[in-house]
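Shown next, in structure tokens, is the structure this report addresses.
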Amino acid sequence: MCGIVAYIGSRDSVPILLEGLARLEYRGYDSAGVAVLGRGGDLRVRKARGRVGELTHDVPARFKGSPGIGHTRWATHGEPSDANAHPHTCGPIAIVHNGIIENANELRGKLAAGGAEFLSETDSELFAHLIAAGPADDLEEAVRAALKQVVGTYGLAVLDGRSPDRIVVARNGSPVLLGIGDKEMFAASDVAAIVRYTRQVVHLDDGEIATVMADGFRTSTLDARRTTKQAAVIDADAASYDADGHVHFMHKEIHEQPQVIERVLRGRLDDRFATAHLGGLNLDPREARAIRRVKILGCGSAYYSGLLGAQLIEELARVPADAEPASEFRYRSPVIEDGTLYVAVSQSGETYDTLAAVQEVRRKGGRVIGVVNTVGSTIARECDGGMYLHAGPEVSVTSTKTFTATATVFALLALHLARIRDLSPADGQRISAGLRRLPGQIAEILSREEEIAALAKDMARYPGMFFIGRVRGWSVAREGAQKLKEVSYLHAEAYPASELKHGPLALVGPDLPTVAIVPGDELLEKNLGTLGEIRARQGRVVVVGPAAPAGGLADDLVEVPRNEPELDPILLSVPLQLLAYHAAVALGNDVDKPRNLAKSVTVE
């Protein structure tokens, strides 16, 4: 959940580190810092609480050096402060660390008994002391000895004033990749930090250490066995990480959705057989027909997209399907059933709880496919097959375009499984045609942004909101409430519309508006009955759905075009993104960097 960047080469590392940290700030933004080696091998450190921009202004012109390491932090141990910011040092050693040391108290006690003095409250500082206690003439061995004492997760970069020709990095549960340049090398926790300089990257696996020099690198395991790595060329460029004229990345990414859905669908719809072509699943038709249940695992918006996906799979393929938070799944000693297809959902492909759930399923002999956005990510490599989103980099902490892309991928998966089973060609053609209409219909919704912004500004004056929906609308309501909470900090609760009178209706009144997700489907009359109950208690009703079915029961209508009933939820989620965004703007919040949150959650 923090960001790491490192550089070694002939250039001054400071501008490279600061630019890389700025591009990684969505991974953590409560403090930042850099450490470099000066020409005389002296270790120079600059760090402070606050944003990367503040650090950049604080770094003097004479602060130069190479190699260097940098870090932007999302606090886990110790509040945001100058002392708790990374890098942490001990003598000639400087480290930056992502992750959590689970045996920190034990190690701290042991080191303190030996005379160590700590300057921070963090667990990460332990690494600097452990490495400083290792062999002075072999940085790699000193890092290896330290790692063998640590229980927990880490993405680690280490600088040693006695070894100015190298940086050592290591990974266990928190991503680290190497970037290969021309007589220079980079390391980072995310490709965003280095894409301006190179597109050739090497992903480290868990338990690997890399010694990085200007002219190359070597990798090995914790027990010093050499490993062989192949570089991959990433499909991204620096422009992908620019706001492109938008005030916020969230706004840009909401507006990218028509193009994103076109990319998701490209080459995946098979008109001849009225199905979806998903070669990356690594499932032949016989294996697909043998699936008896689908279990979807994800966290946050990935989980809510999984709820939507489970509804699609059950409805179209008639296969029992459900979704569960990955963070809970692995701790309840789950029964892994034969005939169950497990689906892991993660935008970054590095979400620790989801990765751990994947490993638990595979350890027990289950089959897992991934739905991820980041090519080459850990979850993508751990799964037996899967589908990439092709949504492009998502910089805003709040997921928008990847939620919509994930829901569309689930529609493709549902169509694929359904046509292998009992869905008719006519229904297959109907769903395919509906999928092709999605980009244009999303563009139509976005064209109404001005009226949604005006509504959001008005709604922002309330202390909170209910979000309700039935069946197809239920997962959309949950995602809508999540979006509003994340960026506006208004209280928002989602309930099945059918459950409102079983308790929550007691809270409905003039001060608590309800956002109702009302598709024009077979449950319309049921939904209208619920709206009548709310109106009878002077509750304000905001309906999100087609215009005609509102039945005069809406105080406000956010009109959404109709698609096929099964696909309507994908469209219904888009205006809720705009509602949350403009409510947050009206309240003056930092939309791309919500408080207490970070983009890629690589710790528990």
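The values are calculated or read from the model by the stated rules, or taken from the named source; none is laboratory data. Predicted model, so just to flag it, every value in this text is computed and none were measured. Counting neighbours? That spans all protein chains shown, and the Cβs are built from the backbone with ideal geometry, glycine included. These area figures cover heavy atoms from the full protein model, side chains too; ligands, DNA and RNA do not enter into them. Shrake-Rupley method; radii C 1.70, N 1.55, O 1.52, S 1.80 Å.
Just for the stretch 319-331: of the residues that are assigned to a helix (DSSP H, G or I) and not polar (S, T, N, Q), which one is surrounded by the most Cβ atoms within 10 Å (Cβ to Cβ)? Walk me through it before giving the result.
Restricting attention to the stretch 319-331, the residues satisfying the condition of being assigned to a helix (DSSP H, G or I) are 326-329.
Subset that is not polar (S, T, N, Q): 326, 328-329.
Details: Ala326: 27, Glu328: 14, Phe329: 21.
The selected residue is Ala326.
For Thr228, indicate whether it is of a type in the set (Val, Ile, Thr) and either within 30 Å of Leu423 (Cβ to Cβ) or touching a residue at least 60 places away in the same chain (Cβ under 8 Å) (or both). Before the answer, list the steps.
Numbers: of a type in the set (Val, Ile, Thr): yes; either within 30 Å of Leu423 (Cβ to Cβ) or touching a residue at least 60 places away in the same chain (Cβ under 8 Å) (or both): no.
When the stated conditions are applied, Thr228 does not pass them.
Which of (1) open to solvent by 20 Å² or more (accessible area, probe 1.4 Å); (2) modelled with pLDDT under 85 is the odd one out, the single condition Asn527 does not satisfy?
Status for Asn527: all satisfied but (1).
Go through (1) surrounded by fewer than 24 Cβ atoms within 10 Å (Cβ to Cβ); (2) at pLDDT 95 or above; (3) of a type in the set (Ser, Thr, Tyr) one by one and return the number of the condition Tyr342 breaks.
The failed condition is (1).
Can you find even one residue in the stretch 106-123 that is under 25 Å from Gly9 (Cβ atoms) and in contact (Cβ under 8 Å) with a residue 40 or more places away in the chain? Write out each step before concluding.
So the first thing to find is which residues in the stretch 106-123 are under 25 Å from Gly9 (Cβ atoms), and the list is none.
Within the stretch 106-123, not a single residue is under 25 Å from Gly9 (Cβ atoms) and in contact (Cβ under 8 Å) with a residue 40 or more places away in the chain.
Here are some residues: Val45, Val5, Val34, Val14. Which one is in contact (Cβ under 8 Å) with a residue 60 or more places away in the chain and either part of a strand (DSSP E or B) or over 18 Å from Arg162 (Cα atoms) (or both)? It would help to see each step written out before you state the result.
Numbers: Val45 fails: in contact (Cβ under 8 Å) with a residue 60 or more places away in the chain; Val34 fails: in contact (Cβ under 8 Å) with a residue 60 or more places away in the chain; Val14 fails: in contact (Cβ under 8 Å) with a residue 60 or more places away in the chain.
So the residue among Val45, Val5, Val34, Val14 that is in contact (Cβ under 8 Å) with a residue 60 or more places away in the chain and either part of a strand (DSSP E or B) or over 18 Å from Arg162 (Cα atoms) (or both) is Val5.
Mind counting the residues in the stretch 419-456 that are closer than 24 Å to Arg272 by Cβ, in contact with a strand residue (DSSP E or B) (Cβ under 8 Å, 6 or more places away or on another chain) and either surrounded by fewer than 16 Cβ atoms within 10 Å (Cβ to Cβ) or of a type outside the set (A, V, I, L, M, F, W, C) (or both)?
Counting residues in the stretch 419-456 that are closer than 24 Å to Arg272 by Cβ, in contact with a strand residue (DSSP E or B) (Cβ under 8 Å, 6 or more places away or on another chain) and either surrounded by fewer than 16 Cβ atoms within 10 Å (Cβ to Cβ) or of a type outside the set (A, V, I, L, M, F, W, C) (or both) gives 4.
Being open to solvent by 40 Å² or more (accessible area, probe 1.4 Å) and out of contact with any Leu (no Cβ under 6 Å at 6 or more places or on another chain): is that true of Ala75 here?
It is false that Ala75 is open to solvent by 40 Å² or more (accessible area, probe 1.4 Å) and out of contact with any Leu (no Cβ under 6 Å at 6 or more places or on another chain).
Yes/no per residue for (1) of a type outside the set (Lys, Arg); (2) at negative phi; (3) not in a helix (DSSP H, G or I):
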{"site": "Ala224", "(1), (2), (3)": "yes, no, yes"}
{"site": "Ser240", "(1), (2), (3)": "yes, yes, no"}
{"site": "Ala243", "(1), (2), (3)": "yes, yes, yes"}
{"site": "Ala288", "(1), (2), (3)": "yes, yes, no"}
{"site": "Ile296", "(1), (2), (3)": "yes, yes, yes"}
{"site": "Gln311", "(1), (2), (3)": "yes, yes, no"}
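How many residues are assigned to a strand (DSSP E or B) and either modelled with pLDDT of 90 or more or among the aromatic types (Phe, Trp, Tyr) (or both) if we restrict to the stretch 50-89? Walk me through how you get there before you give the answer.
Of the stretch 50-89, the ones assigned to a strand (DSSP E or B) are 68-73, 88-89.
Still in the running and either modelled with pLDDT of 90 or more or among the aromatic types (Phe, Trp, Tyr) (or both): 68-72, 88-89.
Looking only at that region, the number is 7.
Every residue in the stretch 144-165 that is within 15 Å of Ala210 (Cα to Cα), open to solvent by less than 20 Å² (accessible area, probe 1.4 Å), outside any helix (DSSP H, G or I) and touching a residue at least 40 places away in the same chain (Cβ under 8 Å), please.
Taking the stretch 144-165 and keeping what is within 15 Å of Ala210 (Cα to Cα), we get 144-147, 154-160, 163, 165.
Going one step further and asking which of them are open to solvent by less than 20 Å² (accessible area, probe 1.4 Å), we end up with 144, 146-147, 154-160, 163.
Now narrow it down to the ones that are outside any helix (DSSP H, G or I): 154-160, 163.
Matches in the stretch 144-165: Tyr154, Gly155, Leu156, Ala157, Val158, Leu159, Asp160.
What is the number of the single condition among (1) more than 26 Å from the chain's Cα centre (by Cα); (2) closer than 30 Å to Asp590 by Cβ that Pro258 does not meet?
Failing condition for Pro258: (1).
If I filter the stretch 87-101 for residues that are touching a helix residue (DSSP H, G or I) at 6+ places or on another chain (Cβ under 6 Å) and on the phi > 0 side of the Ramachandran plot, do I get at least one hit?
Yes - at least one qualifying residue is present in the stretch 87-101.
Starting from residues that are assigned to a helix (DSSP H, G or I) and among the aliphatic types (A, V, I, L, M), keep the ones in the stretch 457-474 and report whichever is most open to solvent (accessible area, probe 1.4 Å). Don't jump to the end; show me each part of the working.
Of the stretch 457-474, the ones assigned to a helix (DSSP H, G or I) are 457-459, 471-474.
Pick out the ones that are also among the aliphatic types (A, V, I, L, M) and you get 459, 471.
Details: Met459: 1, Val471: 85 Å².
For the stretch 457-474, the residue satisfying everything is Val471.
Give the residues of the stretch 332-367 that are touching a residue at least 40 places away in the same chain (Cβ under 8 Å) and part of a strand (DSSP E or B), sorted by residue number.
Scanning the stretch 332-367 gives Thr340, Leu341, Tyr342, Val343, Ala344, Val345, Ser346.
Here are Gly9, Gly65, Gly41: which of them is small (Gly, Ala, Ser) and surrounded by fewer than 19 Cβ atoms within 10 Å (Cβ to Cβ)?
Values: Gly9 fails: surrounded by fewer than 19 Cβ atoms within 10 Å (Cβ to Cβ); Gly65 fails: surrounded by fewer than 19 Cβ atoms within 10 Å (Cβ to Cβ).
Testing whether each residue is small (Gly, Ala, Ser) and surrounded by fewer than 19 Cβ atoms within 10 Å (Cβ to Cβ) leaves just Gly41.
Condition check: open to solvent by less than 10 Å² (accessible area, probe 1.4 Å) and more than 21 Å from Leu177 (Cα to Cα). Does Leu119 satisfy that? Steps first, please.
Details: open to solvent by less than 10 Å² (accessible area, probe 1.4 Å): no; more than 21 Å from Leu177 (Cα to Cα): yes.
It is false that Leu119 is open to solvent by less than 10 Å² (accessible area, probe 1.4 Å) and more than 21 Å from Leu177 (Cα to Cα).
Quick check, is Thr402 hydroxyl-bearing (Ser, Thr, Tyr) and buried (at least 24 other Cβ atoms within 10 Å of the Cβ)?
Details: hydroxyl-bearing (Ser, Thr, Tyr): yes; buried (at least 24 other Cβ atoms within 10 Å of the Cβ): yes.
When the stated conditions are applied, Thr402 passes them.
Considering each of Leu500, Leu512 in turn, give the residue that is open to solvent by 10 Å² or more (accessible area, probe 1.4 Å) and modelled with pLDDT under 95.
Of Leu500, Leu512, the one residue that is open to solvent by 10 Å² or more (accessible area, probe 1.4 Å) and modelled with pLDDT under 95 is Leu512.
Among the residues of the stretch 166-202 satisfying the criterion of being over 23 Å from the mean Cα position of the chain (by Cα), in contact (Cβ under 8 Å) with a residue 40 or more places away in the chain and not in a strand (DSSP E or B), which is surrounded by the fewest Cβ atoms within 10 Å (Cβ to Cβ)?
Lys183
Residue by residue through the stretch 17-31, note down the ones that are outside any helix (DSSP H, G or I) and not polar (S, T, N, Q). Reasoning before the result, please.
Just the residues of the stretch 17-31 that are outside any helix (DSSP H, G or I), to begin with: 24, 28-31.
Those that are outside any helix (DSSP H, G or I) and not polar (S, T, N, Q): Leu24, Gly28, Tyr29, Asp30.
Could you check how many residues of the stretch 586-603 are modelled with pLDDT of 85 or more and either more than 20 Å from Gly53 (Cβ to Cβ) or charged (D, E, K, R) (or both)?
So the answer is 4.
When you scan the stretch 368-448 for helices (runs of 4 or more DSSP H) that lie fully inside it, which ones turn up with 1 or more residues that are at pLDDT 95 or above?
On the way: elements: 378-382, 401-420, 425-446.
So the answer is 401-420, 425-446.
When you scan the stretch 294-314, do you find a residue that is modelled with pLDDT under 95, over 18 Å from the mean Cα position of the chain (by Cα), among the charged types (D, E, K, R) and open to solvent by 40 Å² or more (accessible area, probe 1.4 Å), even just one?
no
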